[in-house]
Amino acid sequence: MLSTLKTSILWRFLNETKAITTTTICVKNYQHRRRLNTTTRIFSDRSNIILMGSPGSGKSTVARILAKKLNKPSIDIDNDILEPMWGVKISEKLKEKGSKHFIEEEGKALMTVKAENSIISLTGSNPLHDEAMRYIANTGYVIFLDYPAKGILQRLHKMKIDRIVGQEIGTPLTDILEHRQMTYEQAYDIRILCEENESPESVSEKVIEALAVLEEDQGYVSTRQDKDSVSVQERTSLGEILLQGLAPDGGLYVPALQIPCLSKGEWSRLVNMSYRDRALRIMERLINPCDLHPSKLRLFLERAYNNETFSHEKIFPVRHLKDNHFLLELFHGPTASFKDAALQLMPQMFVDALRHNEFKTDSSRYIILVATSGDTGSAVLDGFRRHAEGSGVGVIVLFPEHGISEVQRLQMTAMSGGNVQVLGIDGDFDLCQGMVKRAFQDQDLASWLSNNGNFRLSAANSITWGRLLPQIVFQVSGYLDLVEQKVISLGDEVDVCIPTGNFGNILGAFYAQAMGIPFRRLVCASNANNTLTEFINSGVYDIRSRQIQKTQSPAIDILKASNLERFIYHKSDRDSQLVRKCFKELEENQCFEVSGQLLEDIQKSLVGKWCSEAECVTTIKNCFETTGYLLDPHTAIAKFVADLVNDVDVPMIINATAHYSKFAPQVLRALGHKKDIKDKSMSELFDMAHKITDSPGMHSRLEECIKSSDISEKVLKPNYEDVERAIKIFSHKI
């Protein structure tokens, strides 16, 4: 049995078939709470390892191999339980009882099993019985052997099986397998993504590896945390780091284990899947099921990525622009920027962590404190308004008063969610971001908030790991779309070019690369605030004599790229001492330098180039004239840099991070309409742009936004004390 249990998770199963006809398969949804143990020693305690999968998935064979490798007894439910108990063959019992009654009898039999420390191979139909599945699942870990449907059909044909439990006369076997897949998708702790024609021996090795990862996982560590302290610390869960935001030592959280790498055969399984299905399989490998169970993650993904929230059926489609250049369109979400990818999902994860985190007191409430250079603010407000209202979570957004576009300002101030405060700061983004970091480390403020309403601060900037996870997914999905479109074959290299400010999006591509996606070059495209370009090419990060330049691409008007800390941590082989030294020097002296092998490794991973304001304008104009496609200024920065480093023999995926209409005045001026736009309202500018092009189509939600009235917007002086006071006043309003 499992020992003391720590993490509450949601288990949802699809129950038994209510009716199966030639045209209809009906299933019933159930929700259960189940606990997984974050401290269980899987290979040495009494927990069972329970194998689940379709008939023909090789469960019994894999179970026997595992039993031998792990020196545990093997129990085959068909051969060792059902047939001895019933005294007849399974096929005879099915013929006698019929599918519905057979499932009931089979479930009752499963609930008589009193096994410990065993490898249990379930029948293909066991998961159809909700109560029995709940019973057996609570004795161990359910492993789903997810074998390709084509391979299952071939195996069943070879075994001369043309009918399985639940299949009535006239119902195609493919329909029943599809129904079974839906059931299995709700009932596992760990998925083993089996490759086409993968051997049982190989699958058994994957099972052992997956369980070893679960047993060894220490959660998350700070980029500034000594390696020696990691092995002795208590496990830090995903929920904890989502609620904390920034690590107590000022560092950024990263997984304690290495980023998992998928094989070519595993990636091939994802090529023809929907975005949500890809996201589930990728994030399952990145999130411990003890922290967020796959069944709950699936539910969150369904709420986040759907065609009510996103205007394109592919969510983040890839489209051909010209020659070897392709655009990954990341702006089809509700606020028209790539930030929606993370911020339709992260608020759900945050609220779940808030409700289930065992370390909080029952009355704890949170204030999300965010600095934005333009797009994050509206995406945070929209995400928490949709997915966190009624949770007691408040949101404060700080933005540079003169450093965002008018549409970005309207998006933030027009949000209709409760518990929202939008604060303009008479300064630049780095000042706003610095105030957020200072607030997190202000112990006096923390004590005051705790004593006055039991509040705590948390983050939704890309400094939080919850923001980075979804960005890994869309970088992977962009590559898989090129494979699906037959532009490339799986395994072919591509380049990716990303307009970069805080280094979060390109870090997502770096993690995708670590997972096995063959990105040849990660191209970091900067505007005139090009500290990253200088750093990549020289190893020197120097902002001593620099001030942020206000540009047409305000979302990347950033000098201090926070997520660079994570990148240096990984490239230095997790040298936390080096990371502490670099970022202490940056805070105190506004400069640090790396050299030698580390610099060589950074330059092998990254290409850094930048684009001037004049070049950005020219790129918008030239791209429109040659392709009919209208770029926003940030995507234009990336397009210009992509042209600089282009290799015509290798496809280039350019991240289109925002819809052009968020910057309607800028793009219209670039197209030569400077006189025409004078004294025009934002609504009139939208109409002008829409008449000029439908590539890409107009973003309807933005049009609605600019017609909305403002929530009260305050502008604060550029000092921390005013921000601290505003946080305290806001806490009384929640």
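The values are calculated or read from the model by the stated rules, or taken from the named source; none is laboratory data. Everything numeric here is computed off the predicted structure, so don't read it as measured data. With ideal geometry, Cβ positions are generated from the backbone for all residues, glycine too; neighbour counts draw on all protein chains shown. These area figures cover heavy atoms from the full protein model, side chains too; ligands, DNA and RNA do not enter into them. Shrake-Rupley method; radii C 1.70, N 1.55, O 1.52, S 1.80 Å.
Before moving on, here are some points about what is shown:
- Contact order relative to length of the chain, as percent, for alpha carbon pairs under 8 angstrom and 6 or more apart: 13
- C-alpha long axis of helix 682-692 to longest principal axis of the chain, angle in °: 70
- Rounded to 5, percent antiparallel among DSSP beta bridges of the chain: 30
- Here the Debye sum runs over all C-alpha atoms of the stretch 313-395 as equal scatterers in vacuum, and log10 of I(q)/I(0) at q = 0.15, 0.22, 0.26 Å⁻¹ comes out as -0.63, -1.01, -1.22.
- Burial ranking of peptide ranges 239-245, 597-603 (average Cβ count within 10 Å, highest at the top): 239-245, 597-603
- Carbon and sulfur %, accessible surface of the chain computed with the full protein complex present, 1.4 Å: 47
- Cα centroid separation, the stretch 382-449 to the stretch 74-97 (Å): 61
- Options T619, N71, I190, ranked by Cα towards positive dipole end of the chain, top entry (Cβ charges): N71
- Flagged links, alpha-carbon separation over 28 Å, of K550/K714; K72/K108; K314/K571; K584/K604; K560/K674; K59/K93: K314/K571; K560/K674
- Residues S538 and K733, FRET efficiency given R0 of 41 Å [Cβ-Cβ distance, rounded to 0.05]: 0.30
- Annotation: per residue accessible area for the chain equals 38 Å², rounded to a whole number [probe 1.4 Å, protein chains only].
- Within the straight-line cut-off of under 18 Å between alpha carbons, the aspartates and glutamates reachable from K728 are D442, D444, E713, sequence neighbours fewer than 8 places apart in one chain being disregarded.
- Within the stretch 319-448, the proportion of C-alpha pairs whose separation exceeds 23 Å stands at 40%.
- Zone residues, the stretch 552-587, relative to D226, backbone N less than 15 Å from point 7 Å out along Cα-to-Cβ: 575-581
- Between H312 and A446, the contour length at 0.36 nm per residue exceeds the Cα-Cα span by 44.0 nm.
- Using alpha-carbon coordinates, inclination of helix 149-158 to the longest axis of the chain, degrees: 20
- By the Kirkwood approach, averaging reciprocal distances over each pair of separate Cα atoms, the chain gets a hydrodynamic radius of 27.3 Å.
- Extension gain for H690 to K581 (0.36 nm times residue separation, less C-alpha to C-alpha distance): 34.2 nm.
- Solvent-accessible surface ranking, highest first, for D146, D228, D442 at 1.4 angstrom: D228, D442, D146
- Whole-Hz couplings from phi, Karplus 6.51/-1.76/1.60, listed for the stretch 565-576; x for Gly and Pro: 4, 5, 4, 5, 4, 6, 5, 8, 6, 6, 7, 5
- Of the GluC sites (Glu not before Pro) in the stretch 346-450, the ones in a loop by DSSP (not H, G, I, E or B) with at most 13 other beta carbons within 10 Å are E358.
- Straight-distance candidates among the aspartates and glutamates for linking to K158, with alpha-carbon spacing under 18 Å and chain neighbours fewer than 8 residues away dropped: E196, E198.
- Among the listed pairs K264/K296; K264/K486; K322/K609; K322/K621; K68/K206, those beyond 18 Å (Cα-Cα): K264/K296; K322/K609
- Peptide packing for 304-311, 80-87 was compared via the average number of neighbouring C-beta atoms within 10 Å per residue; ordered from the highest value, the list is 304-311, 80-87.
- Other residues whose C-beta falls under 13 angstrom from the C-beta of K674 contribute a net charge of +3, scoring Lys and Arg +1 and Asp and Glu -1.
- Net length available on complete extension from N71 to E389 is 109.4 nm, with 0.36 nm assigned per residue and the Cα-Cα distance removed.
- The stretch 571-695, Cα convex hull volume normalised per residue, Å³: 171
- Stokes-Einstein D for the stretch 551-599, Kirkwood Rh over Cα pairs, 20 °C, 1.002 mPa s (µm²/s): 180
- Centroid-to-centroid separation of the stretch 486-542 and the stretch 292-335 [C-alpha atoms, Å]: 20
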